[in-house]
Amino acid sequence: SVRKAWRPPDKIYRTLEVADVLAAGADAGLESVVLIESGTSEEENEWLSQVAGDPAVLSFVAYADPLAEDFDHTVERWTGSPKLRGFRFRLEGIHGPEVLAEPRLMYALSALEQKSLLVELLVEPLHLRATAESLRAVPRLTAVVEHLAKPRFDAEATDDERQEWRNGMAAIAKLPATVCKLSLSPRAESFGEGTFTAEPWDSRRIGPWVRFAYEQFGPRRCCWGSDWPISGLLGDYGDIVLTMQSALGPVSGADREAVFHGNALRIYDPVAR
């Protein structure tokens, strides 16, 4: 759920409420949601905390800039919200991998670990090895790698790019407090000035990447995520769910229930704080 979608087109550039996502996911059996960041301002955090009062919202993850001078103030301000579960750090398209070794970012990770809050990481493949190295210093911090770390699924991806992603995901998966979110989100370059260019997801194309992540993290540390409303630009909510289920391939009923339901309830339970 977002207040003002951060990208065009007008289909999502508007105020969106919990009722909208519940309606979008009704055919898929959606009954409750976790809200992941609605923008990069304190105004957006305030709005998200208010929306989280809806009974259908399990918890929410606010935005914080780990390099900001007022990071501590942001964390203290929102830690009092009863449904807050953690904070999202954005690195994709903003910072290179070297930022993960900066003392201020390491301090931010440690601060969340001490407060039993999770960190939601918007990263891309070039960040993965450095992310794994930084997370080793905070072994009790639940760290959620979003969108499979946005690998390139297209045929133009080089062998080196594919291997960089595999090596990085394998390194992060060795850390027992990490989680891989099986969600699909267009890479930043898909969004231009007033334009959006991306093809609908194909389970055959993304299947090898999804199954590799699942093999590395296992059925208790993989978690479905919708990336709604961005995913609505590529297909209906139910179709996106089916695409991921097909990409995951044959797994036991218990493991499928964990990935698409139970793990999120456990990982994002605000009581876990």
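For the reader, a short list of remarks on this structure follows.
- So Leu148, is it open to solvent by less than 10 Å² (accessible area, probe 1.4 Å) and in contact (Cβ under 8 Å) with a residue 60 or more places away in the chain: yes
- Looking at Ser226, Ser185, just one residue is closer than 23 Å to Leu30 by Cα, open to solvent by 20 Å² or more (accessible area, probe 1.4 Å), modelled with pLDDT under 95 and within 15 Å of the chain's Cα centre (by Cα), and that residue is Ser226.
- Answer residue from segment 92-109, given it is aliphatic (A, V, I, L, M) and more than 18 Å from Asp70 (Cα to Cα) and is most open to solvent (accessible area, probe 1.4 Å) among those: Ile94
- Total residues in segment 191-222 satisfying the condition of being among the hydrophobic types (A, V, I, L, M, F, W, C), at pLDDT 75 or above and assigned to a loop (DSSP other than H, G, I, E, B): the figure is 1.
- Segment 39-82, residues that are within 28 Å of Glu102 (Cβ to Cβ), aromatic (Phe, Trp, Tyr) and in a helix (DSSP H, G or I): Phe71, Trp78
- Residues that are modelled with pLDDT of 95 or more and of a type in the set (Ser, Thr, Tyr), drawn from segment 119-168: Thr131, Ser134, Thr142
- Members of segment 67-91 that are open to solvent by less than 10 Å² (accessible area, probe 1.4 Å) and under 19 Å from Thr131 (Cα atoms): Gly86, Phe87, Phe89, Leu91
- Any chance Thr15 is of a type in the set (Val, Ile, Thr), in a loop (DSSP other than H, G, I, E, B) and within 18 Å of the chain's Cα centre (by Cα): no
The values are calculated or read from the model by the stated rules, or taken from the named source; none is laboratory data. These figures come from a predicted structure and were not determined experimentally. Positions of Cβ are generated from backbone atoms using ideal geometry, with glycine treated the same way; all protein chains shown enter the neighbour counts. Areas reflect the complete protein model, heavy atoms only, side chains present, ligands, DNA and RNA absent. Shrake-Rupley method; radii C 1.70, N 1.55, O 1.52, S 1.80 Å.
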